[in-house]
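Note sheet for the following structure.
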Amino acid sequence: MSDAEVAAFLDEERTVICATIGRDGFAHLMPLWYVMRDDEVWSWTFAKSQKVRNLERDPRATLQVEAGEQYPELRGVMLKCDVTVHRETERVAELFTRYGQGGPGELEESVREMVLQQAPKRVALQFRARSRATWDHRKLAAGVY
């Protein structure tokens, strides 16, 4: 996929599979909702989760976002990332706006209050891609590759 295709794909999807490295050396795979900010994947999760503990020990993760049901429809992006864990309540809370009432934007006051109550228990994860791999089987079916 081109840079523009990757940006459009990541902007339209919502769920990423995040692989961190567990204490035992095995990959720890978990789904996360995410938002794109300046070409970076950002997410929020519980501060005490295993993936956060893994990232505190080793701040690297591999992300995969994929779509498609049938083989000729499959497409996706894999990113090898360095990860920064942010704990500031406002930064964590602002990530929730994409999933607010009807999508991105301002939250209703009652929802904002709930988010601000949850934010101290959560962290924001900033994924900075080192490298990426992409695939789009729709191009194979069309003979584009």
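What follows is calculated from the coordinates using simple rules that are stated; it is not laboratory data. Bear in mind the structure is a predicted one, so any value in this text is a computation, not a measurement. Cβ placement follows ideal geometry from the backbone for every residue including glycine, while neighbour counts extend to all protein chains displayed.
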**Prompt:** In nanometres, what is the gap between the two model label sites at Asp11 and His137, each 7 Å from Cα along Cα-to-Cβ?
**Reply:** 2.6 nm
**Message:** Whole-Hz ³J(HN,Hα) for each residue in segment 50-65, computed from phi via Karplus 6.51 cos²θ - 1.76 cosθ + 1.60 with θ = phi - 60°, x for glycine and proline: what do you get?
**Reply:** 4, 4, 5, 4, 4, 5, 5, 7, 8, x, 10, 8, 10, 10, 9, 10
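Do you know the relative contact order of the chain, to the nearest whole percent, from alpha carbon pairs under 8 angstrom that are 6+ apart?
Reported as a whole number, the value is 26 percent.
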**Request:** Find how many whole Å separate the alpha carbon centroid of segment 60-87 from the alpha carbon centroid of segment 1-45.
**Result:** 5 Å
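So what is the relative contact order of segment 43-83, in percent, for Cα pairs below 8 Å that sit 6 or more residues apart?
Working: 39 pairs, mean separation 14.8, N = 41.
Computed over segment 43-83, the figure is 36 percent.
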**Set of lysines with alpha-carbon distance to Lys48 below 30 Å, sequence-local pairs under 8 removed** = Lys80, Lys121
**Message:** Under a crude label model (7 Å from the Cα following the beta-carbon direction), how far is Val111 from Ser49 in nanometres?
**Reply:** 2.0 nm
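Within 10 Å of each residue's Cβ, count the other Cβ atoms and sort Thr62, Thr89, Thr20 from fewest upward.
Numbers: Thr62 19, Thr89 16, Thr20 24.
In order of increasing Cβ crowding within 10 Å: Thr89, Thr62, Thr20.
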**Prompt:** Considering the dipole of the chain built from charges on the beta carbon (Lys and Arg +1, Asp and Glu -1) around the Cα centre, which of Ala67, Thr15, Phe46 is farthest to its positive end?
**Reply:** Phe46
